[in-house]
Amino acid sequence: MQNKKSFTVDELQKKMEYYCVYQDRCHQEVERKMNEYQLIPEAKEKILLYLMAHNFLNEERFSRSFARGKFRIKNWGKQRIVRELRVKNISNYNIKSALKEINEEEYLQTIYRITENRNNSITEKNTLKRKKKLQNFLLRKGFEYDLIFKTVNEVMGVSF
């Protein structure tokens, strides 16, 4: 038996404000959080409109900070960022806007840095297997295949 406390719409609105202030959120995350409180659709709509009107919920800001954070902290490539934003139902306009947050020079420096670090940590002696492991690692990180191919060849000093 669930013992959930019931809240007024105003109390839930405050809770959602704090939820959005703590960290940028997308609509999907806020709706999922509100579903925990089993609200009627009209109350959900009222709270969502309030959050958007008062700039607590802003998908463009969310997607930009998401892209910056995942790139700088987790070293994700553009393809992985796009994929994750699509899962969160972010519009193509906001995805394009988010990708502008990534500096091209910094992007290239990052792929070279993580490729060199990973190359140094791989114990595989066979050059082809080593190259494949590096490529798979960078693909999982979400970098573009042509960039991966170029970077891995330069870092390993091989050409096939």
Output for segment 10-36, where each listed residue is buried (at least 18 other Cβ atoms within 10 Å of the Cβ) and not in a helix (DSSP H, G or I): 24, 25, 26
The listed residue being over 25 Å from residue 85 (Cβ atoms), charged (D, E, K, R) and surrounded by fewer than 15 Cβ atoms within 10 Å (Cβ to Cβ), out of 100, 96, 133, 125: 125
Candidates 150, 125, 46, 132, filtered to the one that is more than 13 Å from the chain's Cα centre (by Cα) and outside any helix (DSSP H, G or I): 125
Test result for residue 55, in contact (Cβ under 8 Å) with a residue 60 or more places away in the chain, within 19 Å of residue 29 (Cα to Cα), surrounded by fewer than 18 Cβ atoms within 10 Å (Cβ to Cβ) and not hydrophobic (A, V, I, L, M, F, W, C): no
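Across segment 49-60, what is the number of residues that are assigned to a helix (DSSP H, G or I) and either among the hydrophobic types (A, V, I, L, M, F, W, C) or in contact with a Gly (Cβ under 7 Å, 6 or more places away or on another chain) (or both)? Talk me through it step by step, then tell me what you get.
Step one: filter segment 49-60 for residues assigned to a helix (DSSP H, G or I), giving 49-53, 59-60.
Filter once more, so that each one left must be either among the hydrophobic types (A, V, I, L, M, F, W, C) or in contact with a Gly (Cβ under 7 Å, 6 or more places away or on another chain) (or both): 49, 51-53.
Number of matching residues: 4.
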Every residue from segment 101-147 that is in contact with a Lys or Arg (Cβ under 9 Å, 6 or more places away or on another chain), of a type in the set (A, V, I, L, M, F, W, C) and over 13 Å from residue 76 (Cα atoms): 122, 134
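Just so you know, all these numbers are worked out from the coordinates, no wet-lab data involved. Keep in mind that this is a model prediction, so the values were computed, not measured. Cβ coordinates were reconstructed from backbone atoms using ideal geometry, including for glycine residues, and neighbour counts include every protein chain displayed.
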